[in-house]
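Values in this text are rule-based calculations from the coordinates and carry no lab data. Here the structure is a predicted model, which is why all the values come from computation and not from measurement. Neighbour counts are summed over all protein chains in view; Cβ atoms, including those assigned to glycine, are modelled from backbone coordinates with ideal geometry.
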Amino acid sequence: MTVLAQQLLLGLLIGGLYGLAAAGLSLVFGVMRVLNVAHGELIMLGGYGAFWLATLLGVDPFASLALVIPGALLLGAALYWSLFGFVVRAPEETRVKNSLLIGFGLALALHALAVRLWTADERSIPTSYAGAVLTLGDVSIPLVRLATLAVALVLIGALQLLLSRWRWGKAIRATAEDWQAALLTGIDVRRAYLLAFALGTALAGAAGALVTVAYSVSPSIGLEWTLKALIVVVLAGLGSMFGTFVGGLVLGVAEAASAATFGGPYREIVGLVIFVIVLVVRPRGLFGR
Amino acid sequence: MRVLAALAVVSLGLWPSLAAAQAVKIGAVVPLTGRYGPGGAQVRAGYDIAVEQINAGGGVSIGGKKVPLELMLLDDESDATKTVARLESLGAQGVVAYLGGFGSDLHAAAASVAEKNRTPYLGIAFALNKIHQQGFKYLFSPFWKSPDIGKHTQALLALIAAGERPKTVAIFQEKTDWGQEMAAAWTEAGKAAGYQVVVHGEYAPGAKDFSDLILKAKSANADAVFGIPTPPDGMTIVKQMKELGYTPKLTILIRASDSPPWTKNLGKDGDYTVLAAGWHHAMRAPGVKELNEAHEKKFGRPADPIVGPAYACVQILANALSRAGAADRDKLRDAIAATDMTTVIGPVKFRPDGTGIVQAAFAQWQNGKQELVWPKEFATAPLAYPAPPFAKR
């Protein structure tokens, strides 16, 4: 029983990362109708950002978020101006198609860039507190991974607050609902797109830094994270950041439960089966509007 | 003037036959990026140094003439479909032999291309035995195979005093052909070595959570953990073993711990892990000193464990080329099959199925360094056993 509890708890902790990774993708997709398949590569860059700060300047990986997030925000703005800004000029139906092409190109370019800058070696950030645990009865809670869940929760909460209170946050939501109506009411839709993309990239950067502390980063981790994020986005549906986060937690726990019942090799399969079932039964997603 | 220069460049390009007459082309497809990137880097270092040293001596003597080697090396990004595509394009460019990359799954994909193109293939960091049982004629691997690793695991355990040897073992089996093969080999070896496999769990490569296996091993109180994870998986396993408070007395994680990133990322937690690279820079054989010097110059450290076998592949190829007397794929194949020579990894011969009869070696990470622990005659350090708990390092 404790073994099962332990596994489900660890699943929940991974789920936090899934949720954070998916939140950025969901925001961009929901607002811009653009599917950024290079989202995983942005996560990878965030991871290397934290890695650089840790090895070159000795910054603690959690403290490095204070630099990684603004850095990713700027990177997101730059990517919007140079690439994705052109995609949203196209009619809505062709946006996803065009964004797929640009996204794949960007993913390949960023992968090659990462190999140049950091080589193909696996990197991780060793910390003095790595492997420290909090013991609760017979269940041990790894502190680093608990901290990643907490940070992810705080970031999602901050984003939710931003979207509901801030003037431009409301503009982003209005654009997501109906960009033409938003345009008619005088909202600068382009600016809302830019902000959404920059915020999405910032979330990816933060997720990358957390992935690097809890696991490791290499230039090729992009695709697996894009796919995970995509599963969560479909599972949770668009419209709510907390919904996406909970979707991530659900996937994490479902994977752990399936590994516990059917064995390790079936971990991923169950996630995909849930994905297909949700697509068929509830195409809007669990929390979609 | 510029036009003339351009013309000269173009005409050089138009005459590949001129260059081909001078150099023997060898094609290598190595994973320089992706999950096997760090291992592939070692393979490449071995090939590069060997070709440089052979060419510095004028090249290989074929039919009384010295001919330099031309190494054409491509990256397959640790992706087997790309391995196949790259090998095909090298084949079309007229290479006489293939040199392989790193990782049994990539080698398995490559073997059938080599067979189809009737081009001899030499591959190391490749312990999969099954592929050699499919009647391939052009596949050669001067590297120890799963049954050898299983058998020599007994010798490794024999370094430990009889009463203290691990009695219970957990096998973390990667769900691949090689994973299955090693699990069988280790289960078999247990009968002679006196240990019982108490946990035999599978996982899919690339998993982010190994707690189901680790918790099973912990609750079964397994003395040792054996596995063949990829580098990212291996690092995750060690991190999570520490988090879950489980330190096996002996940990063998082949492949994951082959390269320096292991210790860079894990620090002290990576110590005490045993690897089965098959070679170590402290092994004594002709040429090892020169190889270590060249590696030291390039990378600032003696040769890594996979560099030696990679270097040996080029030695075997060069030796076979001069015995074949021509840069001909079929003659070369027969000459490789008849190999009987001493390389930097010691004496090498091939069995009829293409597997090598070669020296074996286990190393162990100690204080951030790979120390050779077996065979005893070359050992640089005794096997550190049992491993102290992660929390007390």
Relative contact order (percent, whole number), segment A:2-281, Cα cutoff 8 Å, 6+ residue spacing: 42
Footprinting exposure proxy for A:Thr94, A:Thr226 (fewest neighbouring C-beta atoms within 10 Å first): A:Thr94, A:Thr226
Nearby lysines by direct alpha-carbon distance to A:Lys97 (threshold 27 angstrom, same-chain neighbours under 8 apart not counted): A:Lys228, B:Lys82
Neighbour net charge for B:Asn221 - beta-carbon separation under 14 angstrom, K R +1, D E -1: +3
Cα long-axis angle, helix A:222-236 against chain A (0 to 90 degrees, to the nearest 10): 80
Karplus (6.51, -1.76, 1.60) ³J(HN,Hα), θ = phi - 60°, over segment B:123-138, in Hz, Gly and Pro reported as x: x, 10, 6, 8, 9, 4, 9, 3, 4, 6, 8, 9, x, 5, 9, 9
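Mean separation of Cα pairs under 8 Å and 6+ residues apart, divided by the residue count of chain B: what relative contact order is that in percent? Working shown, then result.
Details: 822 pairs, mean separation 68.6, N = 393.
Relative contact order comes out at 17 percent.
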Spatially proximal lysines relative to B:Lys264 (Cα-Cα < 23 Å; intrachain offsets below 8 disregarded): B:Lys208, B:Lys239, B:Lys242, B:Lys249, B:Lys297, B:Lys298, B:Lys369, B:Lys392
11 Å beta-carbon shell around A:Ala112, net charge (K/R +1, D/E -1): -2
The protein assembly as shown: C-alpha gyration tensor shape, a/c 1.5 cut-off, then a/b vs b/c: oblate
Label-point separation, A:Trp166 to B:Lys116 (7 Å along Cα→Cβ), nm: 5.4
Antiparallel content of DSSP bridges confined to the protein assembly as shown, in %, to 5: 40
In degrees, nearest ten, helix B:177-193 long axis to first principal axis of chain B (Cα): 50
Interchain or long-range residues, amide H under 5 Å from B:Glu371's placed H: B:Gln364, B:Trp365, B:Gln366
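Over segment A:9-158, what relative contact order in percent results from Cα pairs under 8 Å that are six or more residues apart?
Details: 105 pairs, mean separation 51.4, N = 150.
Relative contact order, segment A:9-158: 34 percent.
Computed over the Cα atoms, what is the radius of gyration of chain A divided by 2.2 N^0.38 Å, N being its residue count? Mind dumping the intermediate values first?
Working: Rg = 18.6 Å, N = 289, 2.2 N^0.38 = 18.9 Å.
Dividing the Cα Rg of chain A by 2.2 N^0.38 Å gives 0.98.
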Burial ordering of B:Ile306, B:Ile124, B:Ile237, A:Ile69, fewest other beta-carbon atoms within 10 Å first: A:Ile69, B:Ile237, B:Ile306, B:Ile124
Angle in degrees between helix A:65-79 and the longest Cα principal axis of chain A, rounded to the nearest 10: 30
A:Leu57-A:Ala112 FRET efficiency (beta carbon distance; Förster radius 35 Å; 0.05 resolution): 0.85
Amide hydrogen neighbours beyond the local backbone of B:Val67, cut-off 5 Å, H modeled: B:Val60, B:Ser61, B:Ile62
Amide hydrogen neighbours beyond the local backbone of B:Leu73, cut-off 5 Å, H modeled: B:Ala28
